[in-house]
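Student: Dropping a structure here in structure tokens format, bear with me for questions.
Just so it is clear, none of the values below were taken in a lab; they were calculated from the coordinates. Source: prediction; values computed, not measured. Methodologically, a virtual Cβ is constructed for each residue, glycine included, from the backbone with ideal geometry; neighbour enumeration extends over all protein chains shown.
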Amino acid sequence: MGFDVKIRVLGAHNLETADARHTCFLVNDVLAIDAGSLMTALTPRERDGLEAVLLTHRHYDHMRDLPSLALATMDNGATVSLYGLPDTLDALSSRLLDGLLYPNFTQRPTAERPKYRLHPIAPGQTLMAMGATGAAGLEARAAAMPHGAPAVGYVLRSSRGAAAFSGDTGGGLHALLSDPFRPSLLFVEVTFSNAAAARARGAGHLAPSLLEAELAAALARGLPVPKIVAVHMDQRHEEAIRRELAGVSSSLGVDIVPGAEDSEFLI
Ligand SMILES: [Zn+2]
Ligand SMILES: [Zn+2]
């Protein structure tokens, strides 16, 4: 195998539309980061292959497909491990999987072998979960990120390198860029264009100018800045986001590309 980590971008936007999906990633065909597009982006066979989901936070666009995914894969007999902050898992249990809107899939089909098993995590914790998911040799480290709800980003590490995922965040990229495994890819949210930078700041999101400040600070500290893939874009801002990111890229000398649904990255 020429790579350790295969990352498929299932969605690169903050809202689902006719041609955009919620920000969501599939790693080595078995591990997902967030769950907002696991129904719309995956075939039934691909859904059956899922073993674990790392959740970044409780917001709807990151958890939405968990109820339908459970129903869609109910008959395969497999339990999927869901990792997240206690706040995230509490919201999932009490809202989306409350047994009223849909069955409580932490207890169904049976309490002994439920569809979902919940694993609370803490920021800073390194998860060896991947060893149990078939994505051999991968581990994940969760890092606290500033957002409107308690949130984490993740650094996925293999012997060949690492990739980082910011989740929704208003900054705090240092926690990912300073990882000793030195990520060679950073998937970072850029929700709004610079015209809405104040709104982004207030909501715990990034705009190109805010990303630029984050990256400039990292460079000033001597941290290497890897290739950046922008996700969680609002389509109404996307034209401006793309133009403004190109400006940040050339002014800092950093490789920044807008993410795209169904694109793939290898490490
Ligand atoms: Zn959010
Ligand atoms: Zn979001």
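Student: Under 1.5 on a/c is rounded, so check that first for segment 203-267, then, if it is not, pick prolate when a/b is larger than b/c and oblate when it is not; a ≥ b ≥ c are the square roots of the alpha carbon gyration tensor eigenvalues. Don't jump to the answer; show the numbers that get you there.
Tutor: Values: a/c = 1.78, a/b = 1.25, b/c = 1.42.
Because a/c hits 1.5 or more and a/b fails to exceed b/c, segment 203-267 counts as oblate.
Student: Would you mind working out the magnitude of the charge dipole of the chain relative to its Cα centre, with +1 at each Lys and Arg C-beta and -1 at each Asp and Glu C-beta, to the nearest 20 Debye?
Tutor: For the chain, the charge dipole is close to 380 debye.
Student: Another one. Most mobile of 101, 215, 186 per a Gaussian network model of the chain (Cα springs, under 10 Å)?
Tutor: 101
Student: Using the alpha-carbon atoms, what tilt in degrees (0 to 90, nearest 10) does helix 208-220 show relative to the longest principal axis of the chain?
Tutor: Between helix and principal axis, roughly 80 degrees.
Student: If contacts are Cα pairs under 8 angstrom and at least 6 residues apart, what is the relative contact order of segment 38-125 in percent? Kindly include the intermediate steps, with their values, before the conclusion.
Tutor: Numbers: 122 pairs, mean separation 26.7, N = 88.
Result for segment 38-125 is 30 percent.
Student: Percentage of Cα-Cα pair distances in segment 129-259 greater than 22 Å, rounded to whole percent? Intermediate values should be presented prior to the final figure.
Tutor: Working: 2817 of 8515 pairs.
Percent of Cα pairs beyond 22 Å in segment 129-259: 33.
Student: While we're on this one: Mind sorting 158, 166 by how few other Cβ atoms lie within 10 Å of their own Cβ, fewest first?
Tutor: On the way: 158 19, 166 31.
Fewest-to-most Cβ neighbours within 10 Å comes out as 158, 166.
Student: Here is a further query. Does anyone have the angle between helix 238-252 and the longest principal axis of the chain? Alpha-carbon axes, 0 to 90°, nearest 10?
Tutor: Tilt relative to the chain: about 60 degrees.
Student: Okay, moving on. Using just the C-alpha positions of the chain as equal point scatterers, what log10 of I(q)/I(0) does the Debye formula give at each q in 0.08, 0.11, 0.12, 0.17 1/Å?
Tutor: Treating every Cα as an identical point scatterer, log10 I(q)/I(0) equals -0.29, -0.56, -0.67, -1.35.
Student: Right, something else. Given the options 219, 89, 38, state which has the largest fluctuation in a GNM of the chain using a 10 Å cut-off (strictly under) for Cα springs.
Tutor: 219
Student: Another one. Set the Förster radius R0 to 35 Å, insert the Cβ-Cβ distance between residue 219 and residue 95 as r into 1/(1 + (r/R0)^6), and round the FRET efficiency to 0.05. Write down the numbers at each step before the final one.
Tutor: Working: r = 41 Å, r/R0 = 1.16.
It comes out at approximately 0.30.
Student: Could you derive backbone 3J(HN,Hα) for segment 223-231 from the dihedral phi with the Karplus parameters 6.51, -1.76 and 1.60 (θ = phi - 60°), listing whole Hz in sequence and x where the residue is Gly or Pro?
Tutor: Couplings: 7, x, 9, x, 4, 10, 10, 7, 9 Hz.
Student: Taking 0.36 nm per residue of sequence separation and subtracting the Cα-Cα distance, how much length would be gained by fully extending the chain between residue 182 and residue 112, in nm to one decimal? List each step's numbers first, then the result.
Tutor: Details: separation 70, 0.36 × 70 = 25.20 nm, distance 3.98 nm.
Result: 21.2 nm gained on full extension.
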